[in-house]
Amino acid sequence: MLLIPIGYFHGSTTDKHRAPRQPNPEHGIDGIIKLDKGYDFEQALIDLETFSHIWVIYGFHKANGWKPMVLPPRGEKKRGVFATRSPYRPNSIGISVVKLSNINGLNITITGTDLLDGTPIFDIKPYIPYADAQYEANAGWLDGLNHEETEVLVTEDLTHMLDDEEIARIIKHAEQSLRDSPLPHPYRRIKHIEGNVYELSIKEWRLLYRIINERKVIIEAITQTGSMK
């Protein structure tokens, strides 16, 4: 079977390390699926706008190869890849539920997704609550983890710097990275400095933060290689 993209996603994030790990209406990415011309997709889209959410089937275009055992972002134990959402799969195919905001011609605006700019789209299906929502389902090994998110705060000095678009973007990325846990993990470039002080690295940026308690941290300083912010 040969899969041919029907279009591509266009959004603001190209770096897989800066994308949310799951679709999320609050912290997800907004963007547009642009379907290819010349295939009568205009007719294929008829009545899709009557749904609030859709399934998007896509390709992990930045994943190379696959691994039978992977270390998920949550937890410290390797799991079988079929028991995770890892993009490194035998067939690099992903599926996400996203909110459908608008359809204009061949352009489909969606919100709260985890897709990267340039993601190939293979199919679109309506999300049907009575068929797709399984209220009796459990979350497997994830049920044994603490799902309470870490609250990420910034000092007053840094709050005044959020008008800087680049700094605001880096801090938002830091919030996404620290939300699951502020402690060192192979998925997060975190270094213990001393006591309850840690440093998170995001490319050339270094963010110094302090752990207030198990589920609250405060970012106190942000520096860029060769300069001070």
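Might you check whether a residue that is exposed (fewer than 14 other Cβ atoms within 10 Å of the Cβ), acidic (Asp, Glu), in a loop (DSSP other than H, G, I, E, B) and not assigned by TED's automatic domain parsing to the domain that holds LEU178 occurs anywhere in region 124-143?
Yes, region 124-143 contains at least one residue that is exposed (fewer than 14 other Cβ atoms within 10 Å of the Cβ), acidic (Asp, Glu), in a loop (DSSP other than H, G, I, E, B) and not assigned by TED's automatic domain parsing to the domain that holds LEU178.
In region 161-179, is there at least one residue being over 23 Å from the mean Cα position of the chain (by Cα) and either in the same structural domain as VAL98 (by TED's automatic domain parsing) or free of Cβ contacts under 8 Å to residues at least 12 places away in the same chain (or both)?
Yes, region 161-179 has at least one match.
Return a yes/no flag: does region 14-27 have any residue that is within 30 Å of ILE190 (Cα to Cα), modelled with pLDDT of 90 or more and surrounded by 14 or more Cβ atoms within 10 Å (Cβ to Cβ). Spell out the reasoning first.
Here is the first cut: in region 14-27, the ones within 30 Å of ILE190 (Cα to Cα) are 14-27.
Remaining after also requiring modelled with pLDDT of 90 or more: none.
No, there is no match, as no residue in region 14-27 is within 30 Å of ILE190 (Cα to Cα), modelled with pLDDT of 90 or more and surrounded by 14 or more Cβ atoms within 10 Å (Cβ to Cβ).
So, in region 47-87, how many residues would count as being of a type in the set (Lys, Arg) and under 22 Å from LEU2 (Cα atoms)?
1
Against the definition (of a type in the set (A, V, I, L, M, F, W, C) and buried (at least 18 other Cβ atoms within 10 Å of the Cβ)), how does ILE222 come out, yes or no?
Numbers: of a type in the set (A, V, I, L, M, F, W, C): yes; buried (at least 18 other Cβ atoms within 10 Å of the Cβ): yes.
Yes.
Which numbered condition in (1) of a type in the set (Asp, Glu); (2) under 30 Å from ILE4 (Cα atoms); (3) without any contact (Cβ under 8 Å) to a residue 24 or more places away in the chain is the only one that ASP123 fails?
Checking ASP123 against (1) of a type in the set (Asp, Glu); (2) under 30 Å from ILE4 (Cα atoms); (3) without any contact (Cβ under 8 Å) to a residue 24 or more places away in the chain, the one that fails is (3).
Just give me the residues in region 98-120 being hydroxyl-bearing (Ser, Thr, Tyr), under 18 Å from PRO5 (Cβ atoms) and not in a loop (DSSP other than H, G, I, E, B), in sequence order.
THR113, the sole residue that qualifies.
The values are calculated or read from the model by the stated rules, or taken from the named source; none is laboratory data. Nothing here was measured: the structure is a model prediction, and the numbers come from that model. Note: ideal-geometry Cβ built from the backbone for every residue, glycine included; neighbour counts use all protein chains shown.
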